[in-house]
Amino acid sequence: MPSPRRTASPPGEPRRIAYLYLLPGFAVYAAFLLYPLLRSVQLSLYDWDGLTLGRWVGLANYREIISDVGLRAAFGHALVLMVFFAVVPVCVGLLLASVLNRAKVRGLAFFRTVVFLPQVVAMVVVAVAWRRIYGPDGSLNDLLRAIGLDSLARGWLGDYALALPAVGFVGTWFETGLVTVLLLAGMGRINGSLYEAARLDGAGPVREFLAVTLPSVRGEIAVASTLTVIAALRTFDLVYVTTSGGPGNSTSVPSYEVYHRAFELGRVGSAAAIGVTLTLVILAISLVINRIGDRETTR
Amino acid sequence: MISRAEKSANYVILLAFAAFALAPILTVVQSAFGPADAGESSGFGNFAEAWRIGHFGTYLRMSLSVSVFVVVVSVVLSILAGFAFGTMRFRGSGPLFYVFLLGIMMPSEAIVVPLYFDLRTLGLTDTFWAVVLPQVAQSVAFGTFWMRAYFRAGSRDIVEAGRLDGASTRRILWQLLVPLARPAIVTMTVLVFMWTWNEFLIPLVMVTDENLRTAPLGLAFFQGQYSQGFTLLAAGAVIVATPVVVLYLFLQRHFIAGMLEGAVRE
């Protein structure tokens with residue numbers, strides 16, 4: 001029989017029944033996320049084709065990430081994607097949000113619904129749409145021909161130099177709405193008297209932006225950067241459907257390499273090492289960005 | 001303060017940005033209603049044709065079962081775990097919570113490789129379970145984080161009052177807290193539904209049987225196999241995207257608030 005003290009104890013008192021409530025969720029979580037993560041670390045230390053007996057190779061798979069030209073390129077491509085997924089949307093979003101925040105225009109709610117829409121459409125659908133747009137007879141080329149720039153028309157995703165920026169631009173399209181909505185929400189919370197004070201000091205729109213708006217939304221910028229940088233690092237569906245890493249390996253990215261190596265090349269150990277590295281990079285980036293965000297906002 | 005010119009400039013920016021966001025989506029919708037590739041159907045007929053050729057009926061049924069299972073199970077498990085983290089004090093709660101947080105950050109790419117080979121050893125690949133259970137785990141990580149934050153914020157007095165009335169812990173959770181937490185639970189439900197419906201990598205790796213393909217996976221295969229034109233592919237894309245988009249149009253506040261506040265898992 002439970003002691004009367006425990007049944008009557010208010011929240012905040014130690015309660016052993018908590019473990020019972022945690023158990024089912026934790027069991028699924030441990031079996032299907034934690035255990036596989038540990039197995040991933042273990043597999044990454046082996047050379048294994050997925051069928052025969054694996055061979056212990058220590059850290060060789062990790063060394064390969066640094067020494068192998070193709071893998072280095074894949075991580076380099078991820079950096080390029082970060083510019084398109086994170087840097088451009090945050091800059092454009094800041095500009096758009098601050099302009100829109102200055103004048104309270106009507107129809108902002110409708111606008112928000114529309115620019116947020118790409119976020120809820122399956123990435124595979126997005127990829128199908130953009131593959132069509134970039135195609136040799138797609139709407140981008142139609143547009144170029146219509147304005148007399150026929151010489152620029154091409155199969156964008158088949159071009160060695162332009163395929164990666166083309167994929168990256170899809171990320172810009174995808175993330176800008178999210179970032180703008182996030183920043184608009186942050187700017188909406190800024191105290192109006194700060195702007196009045198700045199205007200009394202004779203500040204123009206630019207000074208106002210630098211002195212009032214920008215410092216006030218640092219937290220939102222940190223969140224937006226974390227989200228979009230991680231999205232750039234986790235780009236798999238988009239690359240798989242639009243280019244499969246090609247032409248050559250000009251659009252291969254780490255998450256695509258994980259799939260390609262494990263399930264197409266039979267290099268399971270190497271794939272696991274890339275997966276583990278990717279996880280560490282994502283953890284490190286979110287820690288660093290949130291540190292910076294925390295230090296600069298006093299909330 | 002704000003001049004007329006600036007105001008109209010703002011409307012121009014709003015419209016241009018909205019057009020930019022919508023254009024690729026409208027391209028697909030427009031193509032889906034366009035003349036058929038083989039010239040047999042058009043308009044709504046394209047959807048019927050794509051449905052037939054692309055087997056989207058099978059895929060949507062699978063996606064629906066997967067999403068409903070993942071949503072129901074992970075919402076229940078998250079409420080239980082979030083309740084423990086949010087209202088109770090117990091040894092190890094801090095470290096345990098960080099373990100759950102790790103799951104929010106962890107990309108599917110890190111777990112899908114060992115999961116595939118271990119489930120293959122157990123003979124579980126190419127089953128419904130191989131598709132849903134890893135996604136339940138991912139959603140429980142997010143859901144626990146989400147419900148903990150909710151229960152921490154304002155449940156203390158309610159729990160205390162319930163306890164004084166002699167209610168059991170179970171009754172406090174299900175009859176006092178859960179009804180009040182409905183908005184938070186709805187948000188979690190729509191987010192988990194969207195993530196599960198749109199998930200691509202896990203079903204791609206776990207399933208080769210055509211009858212177990214989810215809608216996005218089916219669309220990707222349809223694109224690979226069907227090369228006669230774009231109309232039916234576009235119709236298929238619209239079919240795959242519609243359920244989540246419709247849900248979004250009705251519950252957009254939940255979608256936007258959830259993705260901005262629970263902004264950790266993408």
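Counting only helices (runs of 4 or more DSSP H) that sit completely within segment A:18-113, those holding 2 or more residues that are over 24 Å from A:ALA231 (Cα atoms) and not β-branched (Val, Ile, Thr) correspond to A:35-43, A:60-67, A:88-102. Flag: B:ILE256 does not match the condition of being farther than 29 Å from A:VAL179 by Cβ and buried (at least 18 other Cβ atoms within 10 Å of the Cβ). Considering only residues that are among the polar types (S, T, N, Q) and farther than 22 Å from B:VAL190 by Cβ, look in segment B:115-154 and name the one that is farthest from the other protein chains (Cβ to nearest Cβ). Applying the filter and picking the extreme gives B:THR127. Here B:VAL190 clears all of (1) more than 30 Å from B:LEU64 (Cα to Cα); (2) in contact with a Leu (Cβ under 6 Å, 6 or more places away or on another chain) except the condition numbered (1).
Each row is one residue, and each column tells you yes or no for (1) free of Cβ contacts under 8 Å to residues at least 40 places away in the same chain; (2) in a helix (DSSP H, G or I); (3) of a type in the set (A, V, I, L, M); (4) closer than 30 Å to A:TRP173 by Cα.
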{"position": "B:ALA9", "(1), (2), (3), (4)": "yes, yes, yes, yes"}
{"position": "B:ALA16", "(1), (2), (3), (4)": "yes, yes, yes, yes"}
{"position": "B:VAL28", "(1), (2), (3), (4)": "no, yes, yes, yes"}
{"position": "B:ARG52", "(1), (2), (3), (4)": "yes, yes, no, no"}
{"position": "B:PHE69", "(1), (2), (3), (4)": "no, yes, no, no"}
{"position": "B:VAL72", "(1), (2), (3), (4)": "yes, yes, yes, no"}
{"position": "B:VAL75", "(1), (2), (3), (4)": "no, yes, yes, no"}
{"position": "B:PHE85", "(1), (2), (3), (4)": "no, yes, no, no"}
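Residue-wise test of (1) out of contact with any Phe, Trp or Tyr (no Cβ under 6 Å at 6 or more places or on another chain); (2) within 9 Å of chain B (Cβ to nearest Cβ); (3) among the aliphatic types (A, V, I, L, M).
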site: A:LEU194; (1), (2), (3): yes, no, yes
site: A:ARG199; (1), (2), (3): yes, yes, no
site: A:LEU214; (1), (2), (3): yes, no, yes
site: A:VAL223; (1), (2), (3): yes, yes, yes
site: A:THR226; (1), (2), (3): yes, yes, no
site: A:LEU238; (1), (2), (3): yes, no, yes
site: A:GLY246; (1), (2), (3): yes, no, no
site: A:VAL268; (1), (2), (3): no, yes, yes
site: A:ASN290; (1), (2), (3): yes, no, no
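Suppose we keep only residues that are facing another protein chain (nearest Cβ under 7 Å), within 22 Å of the chain's Cα centre (by Cα) and not small (Gly, Ala, Ser) within segment B:64-98. Which one would you say is surrounded by the most Cβ atoms within 10 Å (Cβ to Cβ)? Per the stated criteria, the residue is B:LEU77. Of everything in segment B:100-114 that is more than 7 Å from every other protein chain (Cβ to nearest Cβ) and surrounded by fewer than 21 Cβ atoms within 10 Å (Cβ to Cβ), the residue that is nearest to A:SER44 (Cα to Cα) is B:LEU102.
In segment A:271-285, which residues are within 7 Å of another protein chain (Cβ to nearest Cβ) and within 12 Å of the chain's Cα centre (by Cα)? I'd like the intermediate steps shown before the answer.
Step one: of segment A:271-285, the residues within 7 Å of another protein chain (Cβ to nearest Cβ) are A:271-272, A:275-276, A:278-279, A:282-283.
The answer is A:ILE282, and nothing else.
As a summary of the residue check, A:LEU144 satisfies the conditions (1) part of a helix (DSSP H, G or I); (2) at positive phi except for the one numbered (2). Listed by first and then second residue, the pairs with beta-carbon distance under 6 Å, at least 6 apart or on different chains, first residue in segment B:227-255 and within 17 Å of A:ALA127 (Cβ to Cβ) and within 8 Å of another protein chain (Cβ to nearest Cβ), second surrounded by 23 or more Cβ atoms within 10 Å (Cβ to Cβ) and β-branched (Val, Ile, Thr), are B:ALA234/B:VAL28; B:ALA237/A:VAL125; B:ALA237/A:VAL128; B:ALA237/B:VAL28; B:VAL240/A:VAL125; B:ALA241/A:VAL121; B:ALA241/A:VAL125. Out of all the residues in segment B:193-210, is one or more surrounded by 22 or more Cβ atoms within 10 Å (Cβ to Cβ) and either among the charged types (D, E, K, R) or in contact with a His (Cβ under 6 Å, 6 or more places away or on another chain) (or both)? Looking for residues that are surrounded by 22 or more Cβ atoms within 10 Å (Cβ to Cβ) and either among the charged types (D, E, K, R) or in contact with a His (Cβ under 6 Å, 6 or more places away or on another chain) (or both), one finds at least one in segment B:193-210, hence yes. For A:LEU233, the conditions (1) under 22 Å from A:VAL92 (Cβ atoms); (2) among the hydrophobic types (A, V, I, L, M, F, W, C); (3) more than 9 Å from chain B (Cβ to nearest Cβ) are fulfilled apart from (3).
Counting only helices (runs of 4 or more DSSP H) that sit wholly inside segment B:88-189, those with at least 2 residues that are modelled with pLDDT under 90 and under 28 Å from B:PRO203 (Cα atoms) are B:93-105. Does segment B:56-63 contain any residue that is within 30 Å of B:TRP174 (Cα to Cα), modelled with pLDDT of 90 or more and either in contact with an Asp or Glu (Cβ under 8 Å, 6 or more places away or on another chain) or assigned to a helix (DSSP H, G or I) (or both)? Looking through segment B:56-63, at least one residue is within 30 Å of B:TRP174 (Cα to Cα), modelled with pLDDT of 90 or more and either in contact with an Asp or Glu (Cβ under 8 Å, 6 or more places away or on another chain) or assigned to a helix (DSSP H, G or I) (or both).
If the condition is being more than 18 Å from A:TYR256 (Cβ to Cβ) and touching a residue at least 24 places away in the same chain (Cβ under 8 Å), then segment A:51-72 contributes A:LEU51, A:GLY54, A:VAL57, A:TYR62. Taking segment B:194-226 as the range and being among the β-branched types (Val, Ile, Thr) and under 11 Å from A:ALA122 (Cα atoms) as the test, only B:THR196 passes.
With respect to the conditions (1) more than 25 Å from B:SER63 (Cβ to Cβ); (2) touching a residue at least 60 places away in the same chain (Cβ under 8 Å), B:TRP174 lacks only one, and its number is (2). Of the residues making up segment A:91-149, not one is over 27 Å from A:GLY245 (Cβ atoms), among the small types (Gly, Ala, Ser), within 7 Å of another protein chain (Cβ to nearest Cβ) and within 20 Å of the chain's Cα centre (by Cα).
Within segment A:176-191, does at least one residue satisfy the condition of being farther than 17 Å from A:PRO118 by Cα, buried (at least 21 other Cβ atoms within 10 Å of the Cβ), out of contact with any Pro (no Cβ under 8 Å at 6 or more places or on another chain) and of a type in the set (S, T, N, Q)? Checked segment A:176-191: no residue is farther than 17 Å from A:PRO118 by Cα, buried (at least 21 other Cβ atoms within 10 Å of the Cβ), out of contact with any Pro (no Cβ under 8 Å at 6 or more places or on another chain) and of a type in the set (S, T, N, Q).
The values are calculated or read from the model by the stated rules, or taken from the named source; none is laboratory data. Remember, it's a predicted structure, so these values are computed and weren't measured experimentally. Ideal geometry is used to build each Cβ from the backbone, glycine not excepted, and the neighbour counts take in all protein chains shown.
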